[in-house]
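Below is one structure, written out as structure tokens, with a few remarks after it.
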Amino acid sequence: MDILNKLNPAKKAFYDVGLRAKCIKGTRTQILENILNWVQDITPSAPAGYWMCGMAGTGKSTIVQSVCLKLKDVRLLAGAYFCSRQIPECNDYHKVIPTIAYQLAFYMGPESEFTKALVKVLNQDPDLSEKDPEGQIQKLLIEPWQKVSFLAPVIVIDALDKCKVISSVLEVLIPAVTQQKMPGLKFFLTSHPEQHVAYHFNLNKFKQETLSVQQFVLHNVERSIVREDISKFLQHGLSRLQIQIPQDQMNILVDSSGALFIYAATIIKYLTGGGQWFTSRLRNILNVQRTPDRQQTETLDELYNQITRPKNEDEFFTLRFRRICTPILKLNQQYLFFIEYLHWKALSDTRLSVEEKQQSIKVLHTVITAGSPTSCQTISELMGYELEGVEAIIVELQSVLYINEHNHAIYIFHASFADYLTLRARDKDFCCIKQEHHSLLAGHCFDLMDNRLEFNICNLPSSFLPDNEVPGIGARVAQKLGEAVGYSCVFWGYHLTEGNTTEEINQKMERFLKKKVLFWIEGMNLLRKMSDCIKTLDLVLKVKFQEIEEVQNSFNTGFSKLVKVNTKMEDHQQMGSWEIHASIYCINISPDGEKIVTGLEDGKCIIWNASTGTAIGEPLQGHEDFVNSVAFSPDGTRIASGSSDKTVRIWDTQTGTAIGEPLQGHEYEVTSVAFSPDGARIVSGSSDETVRVWDVQTGTAIGEPLLGHEDEVTSVAFSPDGARIISGSFDETVRIWNAQTGTAIGEPLQGHEDKVTSVAFSPDGARIVSGSEDRTVRIWDAQTGTAIGEPLQRHESPVTSVVFSHDEARIMSGSKDRTVRIWDTQTGTAIGEPL
């Protein structure tokens, strides 16, 4: 035992550790029968591997548990390993093979030749459990198994995709299985159909090599079979309620579950856990128009949160380098070197002509400078190259690029490849000068739009009709505009502002604005990209054409037409002010409620009369970049503003003039500012991960910056007594600081599962409220730093702003789901419907 324990197995990964569901009697019968038939087939031609892949929630792990129990009954289960993203030891790729060897030794028994061989190996190399899978499989499985003459024991590994760097294991395990290096030993494997796993189960390759691993795609099971199984599953789970659910309602529950057993399990948990609320909960589920309760979706949310967490998407990429560059790998050079080598190999092929090499380079540069992943078809039309040639180039570069099978978009495996291509010092021959290529793409976008955009391109009564009033509108837009024109409409502004301004580009731009701008606006509306339309016009005007009157007039014409069509007004005056083009980034109201100040994208601040809605005086000008935060002093005589230009400014509310010089000290953009209750200090938070305190009279920093956050500081506030400061950060924490000494008070407040976007004190200073991109609002005890109650959960998108009411009875929260919600501070429940 002492020697075997050197394998350091992941014991929490064993199939019989913890509670795991098994299939309800009478369900999944055909699937289970197929698997058991494979297990019992001991003919020489029988495949040694069985891979079951399926989408999340289709019940793979439940089937695995049932298989393990059946195999245990007939003493054929040699070992089972369950990969879990939630338990670190269960998703460590180093532990997979040692854990299987450990279980196999117990299955074979202490006197077996396998166990004796394994003990001998561990005596010689006790650190095998920490080494790479390539050495592990040879010494822990293949060589000890050569001592055995034994048939049909099964090794089960569930949820391969949840194991970190699982490709390192599959890279050596799958060839060992397919080449029968462990004759008589069978492997049953399951996973989601993810590319970095599926790659290793290349069935066409296996067939060519006359090898075989059975494949079973669970989510393609005949729908009638799944429906029948889910119906049985629901009936069994709800039987404990001893309440007869009408068949028509049961049919709705079955239909809503689709092919997902986890959805059906969620329904059961929700209904059976409601007690006397069963009837209302059932009504909630049957009402498809209603927003689900948190309890109704909790299990699904947990699953989807796991799925959407970052994965090791570069595994497949890394393995390709290993196969091609094995000699280089043995030199132990840096990872970047492999990228450079392969890129050189792909583009230095002597079989390519000079023109083909240049085309290859231009295609690759287009991929890395495109505003979003785009397709070969779009690149072909945009660059004027043959589609077959573009596809051939992308295939040649599969070591660093891959094409998504669903949307055909081209993705870069690793961002470092794009970085490498844009630095001449690292790639002199194929360096991408981004500004030059952006200009090239901007010109191609103008050419495409100039040639193809036309009045009423889809021949509609109106381009602003709802989709449901135009049959087949999506297909019609796709056909008439096409991928490349659609791309050009969305991204011409991006390429124009990122690129160099040349005479040729200016001429194309002028022609576009004179001849095509209204057709472009129509096209953007057909693409349902009107918000991007406004942003593009705003961006281009501000960055490129502020002082060109003719350009402004062209834009003005376009905007007037746009507003006229949208509001369906017959007469609409020309817009006389370009202030409309500066997006509002922040807003605040004076303590007396008479004034409002807004911070704008163009670096200005505007003070407004809260009663009339008219601007007071001229805009406050001085910042050189976005204004991210504004705040009134307690007496309303001053305004503080924080900007992406790294400075804080103080303004006189009456005159609109700047007071003193800008407050400088932050190294990155200032994201949040607030006055102290006595108006003598300002606190600011920044993307440089610091909080700073400033003297309002002198404009100098008070003490050193407050250090402790590990990511951008997004929100800051003083306590009502001015003794404390709170800050929220992208590091998912809230911190409390002593405002006099600048030291942290207690540990950071932890509980949010994503970036903290907003923090605020209650008026009495006893509580703190925080909002986060995890879609929740949390309330904290300001003295102890502990969470008060459960998180407030009803928003469907990141929460961006939170505040207490003056009487402390309510909390308000704003969200990217476009709603404002009001919460009861005492109970944590939502008050009324969302605004």
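Miscellaneous remarks
- Amide hydrogen neighbours beyond the local backbone of LYS755, cut-off 5 Å, H modeled: GLU773, ASP774
- When the alpha-carbon atoms of segment 634-751 are used, the pair Rg, Dmax equals 13.5, 45 angstrom.
- Out-of-range pairs (alpha-carbon distance over 28 Å; input LYS164/LYS529; LYS515/LYS604; LYS131/LYS186; LYS11/LYS755; LYS434/LYS755): LYS164/LYS529; LYS515/LYS604; LYS11/LYS755; LYS434/LYS755
- Stokes-Einstein D (µm²/s) once Rh is taken as the Kirkwood radius of segment 4-220 over alpha-carbon pairs, at 37 °C in 0.692 mPa s: 189 µm²/s
- Cβ-based exposure ranking for ARG240, ARG810, in which fewest neighbours within 10 Å come first: ARG240, ARG810
- Proxy reagent accessibility, fewest Cβ within 10 Å first, across SER231, SER762: SER231, SER762
- Summing charges over neighbours of PRO144, with a neighbour being any other residue whose Cβ is under 10 Å away from its Cβ, gives +2 when K and R count +1 and D and E count -1.
- Neighbour counts of C-beta atoms inside 10 Å place MET1, MET52 in the sequence MET1, MET52, starting with the fewest.
- Per residue, the average separation of C-alpha pairs within less than 8 Å and at least 6 apart gives segment 1-152 a relative contact order of 33 percent.
- Residues in segment 604-620 carry Karplus couplings, in order, of 8, 10, 10, 9, 10, 7, 5, 8, 9, x, 9, 6, 9, x, 7, x, 7 Hz; the curve used is 6.51 cos²θ - 1.76 cosθ + 1.60 with θ = phi - 60°, and Gly or Pro positions show x.
Computed from the coordinates by the stated procedures, all read-outs in this text should not be read as laboratory data. Everything quoted here is computed from the prediction, not taken from an experiment. No Cβ is skipped: glycine too gets one built from the backbone with ideal geometry, and neighbour counts run over all protein chains shown.
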